[in-house]
Every structure is written in structure tokens, then in C-alpha cells.
Amino acid sequence: MNSHISCVAAATLAAISISCGFHPFETEVEVAIPPVPPGASECVDDRVILKVDSEESGGIDISARAGEVRRLKLPKAQVTVFTAFYQGGVPPAGGVLPWDGDGEARVELGFGQGFCSTVFSRLAEAGVPLSVVNYRRLSRECRLRSGGNPYLLDNERIFRALLAGNFSVRDIVMLREYELPPEALPPGEWTPANPLAEKLTGGEAARVYEGRWTFYKREDAAVLWCDSMGWHFYARDGSFSRGGTW
């Protein structure tokens, strides 16, 4: 695929017809996509979908590779959201210009920013003017209130509050927390697909959170599901399945 968005894609974004040459209403941006996290690299390939959103021009999906730097030709916008979606339970990496970039010419996507970029992408799709949202404060508060792992936050509550226009920091709340019993995990150390999360060790109790989380042990992949009814930890290849109630 071209190293920049094709003329057709740019026209889709801008909702106008433009030529293949540089247009005065376009800008070039370098987007650095993080590699697949080390714990998941043996089981997850490097194909990602890079989603680009802005309030002025809508959104577009671009096929990309983890670890690459893409040079994109985009319509100019007050706010541009970049979100890279991986496979195998790896959370999205993201960045929002102008706040996460080196000026407006380069942005290095990060897993820490992926939580807020996903929220911003949904807001853009809903027609919310992104420039009125205090992204810098939202990003900072999400990191602080989650202990550095924003994926442990209730993203639906944050999105709904921002969409309704009545958001406050009281809407930044953690997912429900549980204690996983020692017998839940097979022996060994289980590395989370989320590089911001903590490893789990078989035979030890662990603090876990509501939702679906993927873990790896060498080439073994397993999924942990937790909700108010209980927990289920199972291998994707069917080699084990353990579960229980709280």
C-alpha cells in the first residue's frame, strides 16, 4: 500500500475532490506505530488497522504493520485522532494531534494514549466537536486515576458523559475489582497482552478486573473473563478450562 493515503481516501476524508498533488488544505504527518508487545509477539502477527478520525473530515481505516512509520497526507484539522487496532487481545495504541505530537508533523502512538484516542474516535463518529474537549486533562487524569493503566477504567461511562456534555472527573472510575484465587491459574508466569498490565503467576492469588483479558505464556494463549457472577480462565486451544464464583 502507498506510504500516504491515496487520493481517493483523502477525498473521502475531506469530502471534497482533490488532485494527487499537494493541496493547500492538506498536511503530511508521520505516524509511528508501536511493535507488538514482547509477551504477545510469538502469538500475534503484526497486522494492524490504523484508524484516522477528525471532526472536520470524518474517518478512514488504513491497513498497516506494527512497528512501522507511515507518512500520511491528510486534510488539515483542528484535532486528528490516530488509533492502531491490533489482534490477539493487544489493546489499541493511539495518539491525538496536536497534543501528542512533535508539532503537527509527527505523532508516536502509545498504548497509554490508546484508551483516550479510542474514546475520541467514538466521539468523532458521533459528531462531537473534539476541539471543545480538554484532551490533555482527560489523558492525564485517566493515567493518574488508573495507576498508569487506563484500560482498567470504565470507558463506557467516560464516553457517555462526554457525549452528553456533562463530564466531570467523577466519571473516571475503575472497573469492578476481584481477587482471583491461587488455583485459577496453571503453573508459570502469564504475561498480559496489555503491556501496561501486571503479570499473573500460577499458584498465587491476584487482583483482577471485570472484562475479557488475554494472557500469554510462550506460545500458549489464554483468556480470563471476569464479571459479577465469577471467573473463567481458559486456553484458546482448549488445553485447559478453569472457572469459579466469587
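The values are calculated or read from the model by the stated rules, or taken from the named source; none is laboratory data. Quick caveat: nothing in here was measured; it's all calculated off a predicted structure. Virtual Cβ from ideal backbone geometry, glycine too; neighbours counted across all protein chains shown. Remember, those area values only see protein heavy atoms, side chains included, never the ligands or the DNA or RNA. Shrake-Rupley method; radii C 1.70, N 1.55, O 1.52, S 1.80 Å.
At a glance:
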| read-out | value |
| --- | --- |
| Test: Arg122 is charged (D, E, K, R), under 21 Å from Pro192 (Cα atoms) and under 15 Å from the mean Cα position of the chain (by Cα) | no |
| Close pairs (8 angstrom Cβ cut-off, 6 or more residues apart or separate chains): within 15 Å of Val223 (Cα to Cα) and not assigned by the TED database to the domain that holds Leu109 in the range 189-213, assigned to a loop (DSSP other than H, G, I, E, B) and of a type in the set (Ser, Thr, Tyr) anywhere | Glu210/Ser228 |
| Qualifying residues in the range 154-188 (those that are free of Cβ contacts under 8 Å to residues at least 40 places away in the same chain, hydrophobic (A, V, I, L, M, F, W, C) and touching a helix residue (DSSP H, G or I) at 6+ places or on another chain (Cβ under 6 Å)) - the one farthest from Trp231 (Cα to Cα) | Phe167 |
| Those residues of the range 182-200 which are open to solvent by 30 Å² or more (accessible area, probe 1.4 Å) and either touching a Pro at 6+ places or on another chain (Cβ under 6 Å) or more than 26 Å from Gly110 (Cα to Cα) (or both), in sequence order | Pro182, Glu183, Pro187, Gly188, Pro195 |
| Residue, surrounded by the most Cβ atoms within 10 Å (Cβ to Cβ), within the range 26-74, restricted to residues that are basic (Lys, Arg) and within 21 Å of Ala193 (Cα to Cα) | Lys51 |
| Residue match in the range 34-44 (condition: assigned to a loop (DSSP other than H, G, I, E, B) and more than 22 Å from Trp213 (Cα to Cα)) | no |
| Residue tally, condition hydroxyl-bearing (Ser, Thr, Tyr) and open to solvent by 30 Å² or more (accessible area, probe 1.4 Å), over the range 168-181 | 1 |
| Residue within the range 104-113 that is of a type in the set (A, V, I, L, M), at pLDDT 95 or above and open to solvent by 20 Å² or more (accessible area, probe 1.4 Å) present | no |
| Selection count where residues are open to solvent by 30 Å² or more (accessible area, probe 1.4 Å), under 12 Å from Cys116 (Cα atoms) and of a type in the set (A, V, I, L, M), scope the range 135-164 | 0 |
| Close pairs (8 angstrom Cβ cut-off, 6 or more residues apart or separate chains): of a type in the set (Val, Ile, Thr) in the range 99-110, assigned to a loop (DSSP other than H, G, I, E, B) and buried (at least 18 other Cβ atoms within 10 Å of the Cβ) anywhere | Val107/Asp100 |
